Each structure stands twice: as structure tokens, then as C-alpha cells.
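**Student:** Pasting in a structure now, in C-alpha cells, and then I'll have a few things to ask.
Each value in this text was obtained by applying a stated rule to the coordinates, not by laboratory testing. Note that the coordinates shown come from a computational prediction; the quantities given were computed from them, not determined experimentally. Cβ atoms come from the backbone with ideal geometry, glycine included; neighbour counts cover every protein chain shown.
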């Protein structure tokens, strides 16, 4: 299958660094970031896993669980985690799925034959509490992922789920936001009070407070 935005991610159970990993029970009612790696002991992915481990308090603060996936076995994952600790100075503090049989990779469409017919591409899935895909990012092997952009996008998704707004280009937490064009003037006045009109379809207001 090929997962598209708002598709429901199917459930699965697979081995991982924390033992058997049943996706739905583990995810609970939280947001999830699932990111795949082509194999263990790769240099770019080593830096990415360390970066995610350092930022885990930021994911926790947002109510987001993180999980990695690689096609090597659990024993290899644990050895890789030790390498990450020695080279990057941070412990792996989230589960890493051992997709040795490629079952989850095939289920989530993480193998792209034109790149490689055996290993996963470096994909990020942001999944909401209803198990729906809300963001997909796929990176080339040579380019490390931008974790700040991932956090920024999650902030935008959570804010725009709670309020009838969208976020403009290069938006960051605390910046002005856009009132949805579908919100009429009366509803906009009730929800936001006042706003700045740039064009009939572009109205901006200070960022509302996101629900916790």
C-alpha cells in the first residue's frame, strides 16, 4: 500500500529494542513520529538518532511519541545504540523497530525500488491520535533530516487542528497566523475579534493559544 495524507496507518506488531512492539497499543492516544533508516551503522542516520534522542524532551512536551525503524535485527540495533552513545554522547531513549523481514517496511511503503529493492528509504511519518498520516517526508541518503522543521510542523498541525487557522510560510511558534478563507466575517469576529486584511482571502491574526 502507499500511504497518503489522512490515510489510517495499519496496526502491526514487530520486534524492537524494547521487546515486542504492538504499534496501536504503544501509540495509545498520542501523536507519533515514525522514521525509517536503510540499515544500522550508517553515518547520517547515526547523527539523526542522536539528534532525536537529544530532542526527546521537546517531543514529550508536545505529547508526541517517537519510534525508529531499521531492517537489521534487534542485536544489531543494540550494538548500534552503543556506537551512538560512544560517538554522539547520548543514549537511545526511544524504541527502534527491528524490521528484519521487511514486513513493516512493505506495509508502510518504505521501500522504493528505484532507490533500493532491499532497504528502506529515509522516511518520516507524523501520525495523529486517530492513526491518520498527517505529514510524510522522504530524504535522500546523503541529506540528514531537519528535526527543527519536524517540530515546527507538529506545532502547526496541533495548532490548526484546534483553531480555524493556517500557518504561513516560515511560520514559527508565536508568529501571526492566517484565518481560514472558509470562515465568514461574523464567525471570524466571534472567534478572533479583529484581524488584519491583506487581500479578501488573506487575513492574519495573532496566534491563538493551542489546546493542551
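**Student:** Most fluctuating residue of 34, 137, 157 in a GNM of the chain with Cα springs under 10 Å: which is it?
**Tutor:** Fluctuation is largest for 137.
**Student:** Another question about this same structure. Rounded, prolate or oblate: which fits segment 163-205, taking a ≥ b ≥ c as square roots of the Cα gyration tensor eigenvalues, rounded meaning a/c under 1.5, else prolate when a/b beats b/c?
**Tutor:** The shape class here is prolate.
**Student:** Springs between alpha-carbon pairs under 10 angstrom, Gaussian network model over the chain: which of 56, 65, 164 fluctuates most?
**Tutor:** Ranking 56, 65, 164 by mean-square fluctuation puts 164 first.
**Student:** Rounded, prolate or oblate: which fits segment 13-144, taking a ≥ b ≥ c as square roots of the Cα gyration tensor eigenvalues, rounded meaning a/c under 1.5, else prolate when a/b beats b/c?
**Tutor:** rounded
**Student:** Now for a separate question. Mind checking which of 166, 51, 194 has the largest fluctuation in a GNM of the chain, springs on alpha carbons under 10 Å?
**Tutor:** With Cα springs under 10 Å in the chain, the top fluctuation among 166, 51, 194 is at 194.
**Student:** Below 8 Å between Cα atoms, with a sequence gap of 6+, how large is the relative contact order for the chain in percent?
**Tutor:** 22
**Student:** How would segment 1-40 be classified by its alpha-carbon gyration tensor: rounded, prolate or oblate, with rounded meaning a/c under 1.5 and the a/b versus b/c comparison settling the rest?
**Tutor:** Oblate shape, in that a/c is at least 1.5 and b/c is the bigger or equal ratio.
**Student:** Helix 43-61: angle to the longest alpha-carbon principal axis of the chain, degrees 0 to 90, nearest 10?
**Tutor:** Taking Cα atoms only, the helix is inclined about 50 degrees.
**Student:** Need the full-extension length gain, residue 2 to residue 135, defined as separation in residues times 0.36 nm minus the C-alpha distance. One decimal, nm.
**Tutor:** Result for the pair: 46.5 nm of gain on full extension.
**Student:** So how far apart, in nm, are the two label points at residue 26 and residue 149 if each is 7 Å from Cα heading toward Cβ?
**Tutor:** Distance between the two pseudo-spin positions: 2.6 nm.
**Student:** Between 0 and 90 degrees, rounded to the nearest ten: what's the tilt of helix 147-162 against the longest Cα principal axis of the chain?
**Tutor:** So the helix axis and the longest Cα principal axis differ by about 50 degrees.
**Student:** Something else now. For segment 29-105 and segment 157-179, compute the distance between their C-alpha centroids and round to whole Å.
**Tutor:** 29
**Student:** Starting from 0.36 nm per residue, how many nanometres of slack lie between residue 102 and residue 176 once their C-alpha separation is accounted for?
**Tutor:** 22.3 nm
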